[in-house]
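Below: one structure, written as structure tokens.
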Amino acid sequence: MKTTIIFTLFVLITALSYSQTIEQNHDTINEVLVTSTRIDQVFSKSSQNIQIVTNEDIEKSGVTNVADLLQQVAGVDVRRRGTNGMQADLYIRGGSFDQTLLLIDGIKVEDAQTGHHTLNLALPIEVIERIEIVKGPAARIFGQNAFNGAINIVTKKATSNQVQLQTQIGSYGQKNFEVSAIQQLKKSSHLVQVSRNLSDGYRYNTDYDNLNYFLKSTVATKHAPIDFIATFMERKFGANGFYASPAATEQYEETQGSLVAAKTQWNHGKLTLKPSVYWRRNQDEYIFVRNNPSVYRNLHLTNKVGAEVNAAYKSKIGTTGFGVDVAQVFLRSNNLGDRNRFMTTIFVEHLFSLLNGKLDITPGFAANYFSDFDGNIFPGIDIGYELKNNLKLYANVGQTYRVPTYTDLFYSDPTTVGDENLKQEEAFSQELGIKFNHQSLAFQGSVFNRQATNLIDYVKENENDRFMAQNIRSVNTKGFEMQINQGFKLNKFPQSLSAGYTYLQDDLQRIDLAFSRYVINSTKHQLVGKWHSQFSKYLSQSLIYRYVERTTGESYQLLDANIRVNVKQFTGQVMLNNIFDTAYSEQNLVPMPGRNLMVSVKYQFK
């Protein structure tokens with residue numbers, strides 16, 4: 001009942017605001033060039049379910065990390081353990097954390113050991129320009145791991161000389177320090193960021209100490225500028241109940257994630273080439289008893305070295321996009337053994353523009369080869385039709401897949417054992433949607449269906465047996481999603497209201513075994529409401545409401561607020577999270593923090 005009342009009030013406020021709407025220019029976001037595809041398309045022309053979190057959205061969000069930011073997007077489920085995004089798993093429209101791909105400036109940074117490490121490379125929000133979220137079948141665009149979708153973090157460009165200092169203090173002994181600098185030279189520009197985050201922990205053995213380093217340099221050459229990116233992120237944290245049983249209170253973990261990459265773009269008439277090379281490294285040390293590593297300890301080191309070339313060619317019959325991605329993965333582990341994998345993926349798609357540009361059809365496919373798996377071809381097609389200016393129908397159909405991680409294949413402990421004969425997971429996905437963008441009002445809604453087979457479950461016949469990984473599950477996931485954004489002005493100051501809702505229904509095939517670890521725990525109902533307001537030149541504020549009901553029956557509501565003061569080069573912010581002190585958990589029965597406060601002070605030297 002409480003949820004119904006809050007949602008009803010939200011709709012009424014939205015309707016009221018619409019009656020007071022003053023035309024506001026939304027051309028900026030509509031003309032954003034989506035960089036996570038081979039064929040360049042502006043956001044407003046895309047025939048996919050893409051949502052963009054802009055730099056302005058990030059500033060208004062009142063968060064300190066990417067995990068908390070993505071929680072404010074309906075259809076994205078970030079299941080956190082602890083504060084400040086310390087450990088979090090990323091899901092899109094149900095599924096598992098192994099089925100969502102993360103990219104940084106279009107470079108795939110998945111981890112072959114486990115998708116559990118996906119957000120180890122979630123960059124500090126101070127270096128992020130925007131985030132592109134692709135929902136639905138995306139294997140023909142990105143290949144491996146884009147089973148349910150992909151998230152592309154786009155980093156900032158160095159546009160002006162400045163130095164920024166920021167410090168934050170908050171509940172649980174949280175102390176965050178950050179310095180960043182932008183320097184433009186005659187033939188190059190550089191963005192450097194260093195930060196450290198500390199906390200005593202919100203309960204026993206949840207303390208942490210994080211270090212983040214980021215460098216982005218753009219160097220002008222005779223033919224085209226080259227972008228260089230280097231980042232290193234180290235996390236050390238107490239993991240009370242984070243994994244295994246909630247009773248395992250002494251767990252501890254250290255991770256290191258790094259990426260070194262170079263990319264450029266060459267334009268030769270009708271042909272555009274985008275080559276890139278990269279090295280992604282992840283190290284994970286897990287200790288079951290923090291002060292006694294001899295009881296049980298895992299140490300994994302994964303390296304991925306790759307190169308990718310994407311191209312687009314414009315002709316009279318449309319635009320052809322094609323590319324090839326080659327990579328070598330090396331794993332060293334005291335549990336999983338020493339492994340290596342060579343993989344190649346070829347991508348081809350073509351954009352047909354018909355009926356004076358009102359109809360677009362983009363068929364394509366990805367063909368892959370893995371040195372330890374059979375090769376396959378995964379086709380897909382996007383179709384869009386512009387009913388009138390700013391109103392568009394779209395549909396997507398595609399085959400998608402995920403190759404088992406090394407954890408699925410080879411992991412072994414006293415309760416669990418992998419299976420080196422596992423097959424890849426596959427799914428056939430469909431989506432039908434509508435988009436509307438006009439002045440200050442934007443709406444997007446869709447229905448979708450995903451028929452997944454060969455899903456990996458951990459099962460056993462007898463209670464004393466170990467759980468064994470098997471391709472034994474089939475799940476049909478149906479859903480509905482909508483997002484509405486409304487901008488308006490009061491006394492010449494900008495205001496905005498938005499609401500996002502996602503509904504999921506998982507039809508799970510039963511199995512004839514007594515014990516199964518595969519528990520569907522999707523967000524059956526997910527509602528996110530935001531109100532950003534400003535009533536004076538220097539003061540603005542935001543309210544963010546979230547309601548989650550999972551398929552297991554658990555539900556909770558959260559309300560966060562933040563107040564921002566901007567005076568010339570000074571920005572102060574007060575962030576209050578979980579205002580009603582709600583007791584809830586998102587993963588493994590780990591209790592999340594109650595009401596907590598963060599105060600931030602930032603100053604820019606220009």
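The values are calculated or read from the model by the stated rules, or taken from the named source; none is laboratory data. Because the structure is predicted, anything quoted here is derived from the model rather than measured. Cβ atoms come from the backbone with ideal geometry, glycine included; neighbour counts cover every protein chain shown. The accessibility values were calculated without ligands, DNA or RNA, using every heavy atom of the protein model including side chains. Shrake-Rupley method; radii C 1.70, N 1.55, O 1.52, S 1.80 Å.
Computed values, structure above
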| read-out | value |
| --- | --- |
| Residue count for segment 585-603, restricted to those that are more than 23 Å from residue 198 (Cα to Cα) and modelled with pLDDT of 95 or more | 0 |
| Flag for residue 489 being open to solvent by 60 Å² or more (accessible area, probe 1.4 Å) and in contact (Cβ under 8 Å) with a residue 60 or more places away in the chain | yes |
| Strands (runs of 3 or more DSSP E) wholly inside segment 190-270 that include at least 3 residues being modelled with pLDDT of 95 or more and in contact with a Lys or Arg (Cβ under 8 Å, 6 or more places away or on another chain) | 208-219, 226-238, 252-264 |
| Test result for residue 263, in contact with a Pro (Cβ under 8 Å, 6 or more places away or on another chain), over 12 Å from residue 121 (Cβ atoms) and open to solvent by 50 Å² or more (accessible area, probe 1.4 Å) | yes |
| Unmet requirement for residue 153, which otherwise passes all of (1) crowded, with 22+ Cβ neighbours inside 10 Å; (2) modelled with pLDDT under 95 | (2) |
| Options 484, 472: the member that is at pLDDT below 95, aliphatic (A, V, I, L, M) and either within 20 Å of residue 56 (Cβ to Cβ) or assigned to a strand (DSSP E or B) (or both) | 472 |
| Cβ pairs under 8 Å, 6+ apart, first in segment 567-582 and closer than 17 Å to residue 163 by Cα and polar (S, T, N, Q), second modelled with pLDDT of 95 or more and in a strand (DSSP E or B) | 569/603; 571/564; 571/565; 571/600; 571/601; 571/602; 571/603 |
| The lone exception for residue 158 - which of (1) within 23 Å of residue 258 (Cβ to Cβ); (2) at pLDDT 95 or above; (3) surrounded by 15 or more Cβ atoms within 10 Å (Cβ to Cβ) it fails | (2) |
| Looking only at segment 535-553, and only at residues there that are surrounded by fewer than 17 Cβ atoms within 10 Å (Cβ to Cβ) and aromatic (Phe, Trp, Tyr), the one that is farthest from residue 476 (Cα to Cα) | 538 |
| Cross-chain or 6+ apart pairs with Cβ under 6 Å, segment 280-308 first and of a type outside the set (A, V, I, L, M, F, W, C), then surrounded by fewer than 20 Cβ atoms within 10 Å (Cβ to Cβ) and not in a strand (DSSP E or B) | 290/250; 296/288; 298/335 |
| Segment 554-606 - residue that is surrounded by fewer than 17 Cβ atoms within 10 Å (Cβ to Cβ) and among the β-branched types (Val, Ile, Thr) and, of those, nearest to residue 169 (Cα to Cα) | 599 |
| Residue list for segment 97-107, restricted to those being open to solvent by 10 Å² or more (accessible area, probe 1.4 Å), touching a residue at least 24 places away in the same chain (Cβ under 8 Å) and touching a helix residue (DSSP H, G or I) at 6+ places or on another chain (Cβ under 9 Å) | 98 |
| Qualifying positions in segment 513-534 - open to solvent by 60 Å² or more (accessible area, probe 1.4 Å) and either within 24 Å of residue 589 (Cα to Cα) or modelled with pLDDT under 95 (or both) | 514, 515, 517, 519, 524 |
| Within segment 153-176, considering residues that are of a type outside the set (A, V, I, L, M), in contact with a helix residue (DSSP H, G or I) (Cβ under 9 Å, 6 or more places away or on another chain) and assigned to a strand (DSSP E or B), the one nearest to residue 562 (Cα to Cα) | 166 |
| So residue 427, is it in contact with a strand residue (DSSP E or B) (Cβ under 8 Å, 6 or more places away or on another chain) and crowded, with 21+ Cβ neighbours inside 10 Å | yes |
| Matching entry among 121, 102 (being touching a Gly at 6+ places or on another chain (Cβ under 8 Å), modelled with pLDDT of 90 or more and of a type in the set (A, V, I, L, M)) | 121 |
| Residue among 236, 222, 274, 186 that is open to solvent by 60 Å² or more (accessible area, probe 1.4 Å) and in contact (Cβ under 8 Å) with a residue 24 or more places away in the chain | 236 |
| Subset of segment 383-396 [more than 22 Å from the chain's Cα centre (by Cα) and not basic (Lys, Arg)] | 383, 384, 385, 386, 387, 389, 390, 391, 393, 394, 395 |
| Verdict on residue 118 being buried (at least 22 other Cβ atoms within 10 Å of the Cβ), under 28 Å from residue 202 (Cβ atoms), without any contact (Cβ under 8 Å) to a residue 60 or more places away in the chain and β-branched (Val, Ile, Thr) | yes |
| Selection count where residues are outside any strand (DSSP E or B), touching a strand residue (DSSP E or B) at 6+ places or on another chain (Cβ under 8 Å) and at negative phi, scope segment 580-605 | 10 |
| Test: residue in segment 503-512 that is among the polar types (S, T, N, Q), buried (at least 19 other Cβ atoms within 10 Å of the Cβ) and assigned to a strand (DSSP E or B) | no |
| Some residue of segment 543-561 being among the hydroxyl-bearing types (Ser, Thr, Tyr), within 17 Å of residue 497 (Cα to Cα) and modelled with pLDDT of 95 or more | yes |
| Selection within segment 379-417 - at pLDDT below 90, within 30 Å of residue 462 (Cβ to Cβ) and in a loop (DSSP other than H, G, I, E, B) | 414, 415 |
| Failed condition for residue 74, given (1) open to solvent by 20 Å² or more (accessible area, probe 1.4 Å); (2) modelled with pLDDT of 75 or more; (3) under 27 Å from residue 504 (Cα atoms) | (1) |
| Flag if residue 417 is in contact with a Gly (Cβ under 7 Å, 6 or more places away or on another chain), open to solvent by 10 Å² or more (accessible area, probe 1.4 Å), aliphatic (A, V, I, L, M) and at negative phi | no |
